[in-house]
1. Of all residues in the range A:74-83, which are touching a Phe, Trp or Tyr at 6+ places or on another chain (Cβ under 8 Å) and either surrounded by 21 or more Cβ atoms within 10 Å (Cβ to Cβ) or among the β-branched types (Val, Ile, Thr) (or both)?
2. From B:156, B:147, grab the single residue that is in contact (Cβ under 8 Å) with a residue 24 or more places away in the chain and farther than 23 Å from residue B:283 by Cα.
3. What pairs come up if the first residue lies in the range A:13-34 and is more than 14 Å from chain B (Cβ to nearest Cβ), the second is among the aromatic types (Phe, Trp, Tyr), and their beta carbons are under 6 Å apart, counting only those six or more places apart or on different chains?
4. Among the residues of the range B:159-192, how many are open to solvent by less than 10 Å² (accessible area, probe 1.4 Å) and basic (Lys, Arg)?
5. (1) among the charged types (D, E, K, R); (2) open to solvent by less than 60 Å² (accessible area, probe 1.4 Å); (3) assigned to a helix (DSSP H, G or I); (4) touching a Lys or Arg at 6+ places or on another chain (Cβ under 9 Å): which one isn't true of residue B:46, the others all being true?
6. Scan the range A:218-229 residue by residue and report those that are over 23 Å from residue B:217 (Cβ atoms) and at the interface with chain B (Cβ under 9 Å from one of its Cβ atoms).
7. All but one of (1) in a helix (DSSP H, G or I); (2) surrounded by fewer than 19 Cβ atoms within 10 Å (Cβ to Cβ); (3) over 18 Å from the mean Cα position of the chain (by Cα) hold for residue B:121; state the number of the condition that does not hold.
8. Quickly run through the range A:4-27 and pick out the residues that are open to solvent by 50 Å² or more (accessible area, probe 1.4 Å), under 16 Å from residue A:50 (Cα atoms) and either assigned to a loop (DSSP other than H, G, I, E, B) or among the hydroxyl-bearing types (Ser, Thr, Tyr) (or both).
Protein chains: 2
Amino acid sequence: MAVKTIEWKKDRVVMIDQRLLPQKEVYRVCRDYRAVAEAIRGMVIRGAPAIGVAAAMGVALGCLKAAEKSFDREFDRIVLCLSKTRPTAVNLFWALERMRKVYRENRDRGVEAVKRLLEEEALKIFREDIAANRQLGRFGAELLGNARHIMTHCNAGALATAGYGTALGVIRALKESGKEIEVWVNETRPLLQGARLTAWELKKEKIPATLITDNMAGYLMQKGAVDAVVVGCDRVAANGDVANKIGTYSVAVLAQRHGIPFYVAGPTSSIDINCPTGKEIPIEQRDPAEVSHIFGRALAPKGVKTLNPAFDVTPQDLISAIITEKGVIHPPYAQNIRSHVDH
Amino acid sequence: MAVKTIEWKKDRVVMIDQRLLPQKEVYRVCRDYRAVAEAIRGMVIRGAPAIGVAAAMGVALGCLKAAEKSFDREFDRIVLCLSKTRPTAVNLFWALERMRKVYRENRDRGVEAVKRLLEEEALKIFREDIAANRQLGRFGAELLGNARHIMTHCNAGALATAGYGTALGVIRALKESGKEIEVWVNETRPLLQGARLTAWELKKEKIPATLITDNMAGYLMQKGAVDAVVVGCDRVAANGDVANKIGTYSVAVLAQRHGIPFYVAGPTSSIDINCPTGKEIPIEQRDPAEVSHIFGRALAPKGVKTLNPAFDVTPQDLISAIITEKGVIHPPYAQNIRSHVDH
């Protein structure tokens, strides 16, 4: 059964609440763009491609409900509100830019026409994302070849996208091609997207998986138990540096020490050609309580200070290849990413 | 206020229940050696030096209560029972061997005399451990010099020892010498000894500390926010390889990449000169539920498979120096550890 991460329902957007998985499957109904923005900010929906789709649907929903006489002001307000939800995943800004372009190019056709075209564009972004994931999954499956024991960090699955997934798309495609694989799932503190979401998706797919704490990755690599690592990405800079969920960098450093290939999978919408290197990628700092508490209970003494960067940057020299729906990007990235995007 | 990790009370051994800290300060009373063994196995008490002290007290307690006519058989049974509790920390076997030696060398003086001498030996091991920690703390503080931002993993504090601590002993000594320091505390999944115990000890000492998830260590090093790492040890092999809490290896690999010194602190009782390398150190595998559950609640989908190695091995080439109560051991370890121990 495929997971329905997000659905467009004409006058509302429906999302599975990822904060409650896997214990509860609750669907949240967003009836206006502010609710969509809140869902992105609060991580009801997360994962760079899924955030992009949600933002596009948020614009479409907001515009549908906007009055004709204040439409232009309202359009700007909607896009601004959605753009302020989360700073790191570039797919958010990419999706908003696509919506802005449709608005710009069709504004003179009248408000009703623009509303219809914005809805169509949001659905197009949704459908393209699934298609891109299936395509990059095939490229990735070919690239990973006979890797049997694959490690992944965080959740870059159907839940992180419109469907199928990026890193998990590669893993799904490997399974579909008949390969016998086993997956090491890093739990991914603090929000446990690996334990809660990736383990849940893999169980549904009947792909053998073993959950570990993040700090066990090195132990397994040392034992020779990891053939390849594949992760998603929130933003790929023009030089090949990759921002992804906190802890990705540590896994990449460990993989390099053990000569294990480290692959990044994502649609070209995750590439930010205007961002020269990882240094320019803004890293979101989230609520300290996400680190000090779990299920609302304190893990640490009261008043403890915590830090909570949601992402880190893996420098391009640690990345074996980047897999997109257009193919596989190999080093040297500075030149190959540009030609890949222009292609 | 100094933490009372473990206390000898003539006819019983009292320990603070470390599984419940920092939320609850509950003291467990062990009235026989089996209760002590269970407390070690269940991690009421943990940390290599503390396990050694507890095992010695367990032998003394068991012998005190043993009948004269079955004393020798009972002695063997007590030592065997305690030796089976946890496999990795060598301090356990070291302490049992010290108790065995007292028994062997004094058995002919009669059961009552041996009982008294075993009690004295257990108390001696307890007192020596605190003294060793204070001494190694001073050596460590000198070695770390002007390091200001120090990272530690797990808990190698007063709670992991008879008192004062090893890695935290170094940190305490730095503070006592007037240095302004700040500590990065890795939470240390799955049992969160960093979040629960180290953060609690540092708070009591008023040493500024910031809690992070284990997978944030690389991010901080990349930012230049870590001057040195200091950790404890469960067993040091003759070649300098070190077994310590799971995740230590990852921190060491990251430290090396960033040119950050990585120090190991422990009493000489943690050195196992009969263990040639880290490969021969047995790594305890614990209950899978420690990974899949927290506070009794599932983190992951039901039936998820997990792995739970309690320790990993950091190879000697990643270790900048080993600090003991006799001084600082520098590379090459194979030769310097032997002369350090013989000294």
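1. From the range A:74-83, those touching a Phe, Trp or Tyr at 6+ places or on another chain (Cβ under 8 Å) are A:75, A:78, A:81-83; that's our starting set.
Correct list: A:75, A:78, A:82.
2. Values: B:156 fails: farther than 23 Å from residue B:283 by Cα.
Among B:156, B:147, only B:147 is in contact (Cβ under 8 Å) with a residue 24 or more places away in the chain and farther than 23 Å from residue B:283 by Cα.
3. A:14/A:27; A:16/A:27
4. Qualifying residue count for the region: 1.
5. Every listed condition holds for residue B:46 apart from (3).
6. Passing the criteria: none in range.
7. Here residue B:121 meets the rest and fails (2).
8. Step one: filter the range A:4-27 for residues open to solvent by 50 Å² or more (accessible area, probe 1.4 Å), giving A:4, A:7, A:9-12, A:19-20, A:23-25, A:27.
Remaining after also requiring under 16 Å from residue A:50 (Cα atoms): A:4, A:7, A:19, A:27.
Listed by number, the residues that qualify are A:4, A:19, A:27.
The values are calculated or read from the model by the stated rules, or taken from the named source; none is laboratory data. What you are looking at is a predicted structure, and each value in this text was computed from that prediction instead of being measured. Cβ sites come from the backbone with ideal geometry, for glycine too, and all protein chains shown count toward neighbours. SASA here: full protein model, heavy atoms, side chains in, ligands and nucleic acids out. Shrake-Rupley method; radii C 1.70, N 1.55, O 1.52, S 1.80 Å.
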